[in-house]
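Notes for the one structure printed next.
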Amino acid sequence: MRFAVNIPPFTDANSVLNMAVEAERAGWDAVFLWDHVQWDPKDELDVHDPWTLLGAIAARTDRVLLGTAVTPIARRRPWILAKQLVTLDHLSGGRAMLGVGLGAPDHADFGAFGDIEDPKERAVILDDGLELIEALLTGDPVHHLGPGFTVDAQLRPSPVQKPRPPIFAAGFVPNRRPLERALRYDGFFPLGGSSLLSPQELAEFLNGIERPDNWDVFTSLAPGYSVAEWEEAGATWLVESAWPSGDWEAELTGRIKTGPPT
């Protein structure tokens, strides 16, 4: 079992950086950042770019893995995202990861900027973008003609990690399509929607799935369960985070300083 913190970068940028540095000091294995352009406008939260912050975190840490949980490819240019991921991998000495998903909320983070709101349309772009990113990360010439993107290019350098940094996909339970997508890559982050999944719900969802070797299952750290229960359910990563409301920053910082569960 490994342990990550997933920080909403919805506060002062240096506060996010300090939480990440504290996470490494306290023994966590990875630091992820939420990836949004804005949150609910009524909340008036400051929302920072995760990739800029991840570069700063890479320069201040030595051990933790670094990535997003999760980046919606439907509002990214995949070649720019691939370049950001490779740069982070070099800057961190091979510690980059990429979490992807459809993204949310549909209007505030997509429609408000003229991007596609329909999740089904975004799913098509997500799958095409993932295929393109994987090809670009090889460093070889890429000739891609898909439903979302047409690219004829070769990106250099290739990542430090070979064949590429790990890629995991997120999706809401009980939907099966996100799981099918994740099985083509390195892991899955099943989400429970309005509530956190329990070990029993996770186990039921994964029942009967043929998992590839070294394929990870990330799950949000719901209180009241032991690490052994999560392991038995099939999780390989437990992820601590916080919903950005109330005094969320102080509460998350406290949990980070306590360190991973035992």
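The values are calculated or read from the model by the stated rules, or taken from the named source; none is laboratory data. Because the structure is predicted, anything quoted here is derived from the model rather than measured. Cβ atoms come from the backbone with ideal geometry, glycine included; neighbour counts cover every protein chain shown.
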Select, from S241, S245, S195, the only residue that is polar (S, T, N, Q) and surrounded by 19 or more Cβ atoms within 10 Å (Cβ to Cβ). S241
I'm trying to understand the selection: among the residues of region 1-50, which are under 24 Å from A112 (Cβ atoms), of a type in the set (A, V, I, L, M) and not in a loop (DSSP other than H, G, I, E, B)? I7, A13, V16, L33
Over region 133-142, the set of residues β-branched (V, I, T) and not in a loop (DSSP other than H, G, I, E, B) is I133, V142
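Results for (1) crowded, with 20+ Cβ neighbours inside 10 Å; (2) not hydroxyl-bearing (S, T, Y), shown as yes or no for each residue.
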site	(1), (2)
L66	yes, yes
T87	no, no
A104	no, yes
A112	no, yes
E134	no, yes
L137	yes, yes
D140	no, yes
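Only one of L132, L191, L126 is aliphatic (A, V, I, L, M) and farther than 28 Å from H90 by Cβ. Can you tell me which? Don't jump to the end; show me each part of the working.
Details: L132 fails: farther than 28 Å from H90 by Cβ; L126 fails: farther than 28 Å from H90 by Cβ.
Result of the check over L132, L191, L126: L191.
From the list R164, R156, R122, exactly one residue is in contact (Cβ under 8 Å) with a residue 12 or more places away in the chain, over 20 Å from W34 (Cβ atoms) and surrounded by 12 or more Cβ atoms within 10 Å (Cβ to Cβ). Which is it? It would help to see each step written out before you state the result.
On the way: R156 fails: surrounded by 12 or more Cβ atoms within 10 Å (Cβ to Cβ); R122 fails: over 20 Å from W34 (Cβ atoms).
Only one candidate qualifies: R164.
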What about L183, is it buried (at least 19 other Cβ atoms within 10 Å of the Cβ), more than 21 Å from R95 (Cα to Cα) and in contact (Cβ under 8 Å) with a residue 12 or more places away in the chain? no
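So that you can scan it fast, the table gives a plain yes or no per residue for (1) under 28 Å from T219 (Cβ atoms); (2) modelled with pLDDT of 95 or more; (3) assigned to a loop (DSSP other than H, G, I, E, B); (4) of a type in the set (F, W, Y):
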| position | (1), (2), (3), (4) |
| --- | --- |
| G67 | yes, yes, no, no |
| I80 | no, yes, no, no |
| D128 | yes, yes, no, no |
| E131 | yes, yes, no, no |
| H144 | no, yes, no, no |
| P147 | no, yes, yes, no |
| P157 | no, yes, yes, no |
